[in-house]
Amino acid sequence: MEFFNASESPYVGTATVSDPTSQAKISIYTGQIADVVASSAARTVLEADPVPGLVGQSVPTPHSSFFVDRSGDVAQYRMGLTPGLTVSPDGEVQDGLVMLGDRVLTADVVFTGQPFASDEEAKAWYWGAEGQALKALLMSFSYR
């Protein structure tokens, strides 16, 4: 893991978790400055679990989520911390920021290109060794 704190600023910190070959696997950001980019897409949630160490620290409870957003013929697979479930009970796509006190926390798995040919291939990866190792890392986040 490599951690970067922007100069002596208490407002921004980033970390990158890499595999033994130095390929980035998870990008983490914490700070007091952030934004959300929204787009229209059809979202399919493949898996979402509440993160035990963040229960009660942010409302709604942050989840480790794996999902795909589709816009036309383009599918964007995403995995990372989400502020609660990624889709509301009425089917509306939910985006937002995980807030811990006065700080934002993001943690996203780094996918390059189109990593999966289908949802079935994505699910097989997720339930395999690499997907479960990355999920375990996301599930290990805590805040005190």
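The values are calculated or read from the model by the stated rules, or taken from the named source; none is laboratory data. All values reported here derive from a predicted model rather than from experimental measurement. Heads up, the Cβs are rebuilt from the backbone with ideal geometry, glycines too, and the neighbour counts pull from every protein chain shown. What goes into the accessible areas is simple: the full protein's heavy atoms, side chains included, and nothing from ligands, DNA or RNA. Shrake-Rupley method; radii C 1.70, N 1.55, O 1.52, S 1.80 Å.
Every helix of 4 or more DSSP H residues in the chain counts as -39500 (n - 2.57), and over all residues that averages to -4000 deg cm²/dmol at 222 nm.
Pop the C-beta distance of R78 and D102 into the FRET formula with R0 = 25 Å and round what comes out to the nearest 0.05. Intermediate results must be reported in sequence, preceding the final value.
Values: r = 26 Å, r/R0 = 1.03.
My answer for the efficiency is 0.45.
Available extension along the chain between F116 and S40 is 25.3 nm, counting 0.36 nm per residue and deducting the alpha carbon span.
Using r as the Cβ-Cβ distance of S140 and E92, and R0 as 41 Å, what FRET efficiency do you calculate, to the nearest 0.05? Intermediate results must be reported in sequence, preceding the final value.
Values: r = 30 Å, r/R0 = 0.72.
With a Förster radius of 41 Å, E is 0.90.
Here the calculated FRET efficiency for T14 and V59, from their Cβ-Cβ distance with R0 = 22 Å, stands at 0.35, rounded to the nearest 0.05.
Across the stretch 121-138, rounded Karplus estimates of 3J(HN,Hα) from the backbone phi angles (6.51 cos²θ - 1.76 cosθ + 1.60, θ = phi - 60°) give 5, 5, 5, 4, 5, 4, 7, x, 4, 5, x, 6, 5, 5, 4, 4, 5, 5 Hz, Gly and Pro being marked x. I need the GluC sites (Glu not before Pro) found in the stretch 84-138, filtered to DSSP loop residues with at most 16 other beta carbons within 10 Å of theirs. Answer in residue order: E92. Surface exposure of the chain, expressed per residue as accessible area with a 1.4 Å probe, stands at 58 Å². Label sites at E47 and R70, each approximated as a point 7 angstrom past Cα along Cα to Cβ, lie 2.1 nm apart. Less than 5 angstrom separates the built amide H of Q94 from those of V87, S88, all sequence-distant by 5 or more or on a different chain. Residues whose amide H lies under 5 Å from that of S18, counting only those 5 or more places away or on a different chain, are E2, K25; hydrogens are built 1.01 Å from N in the peptide plane.
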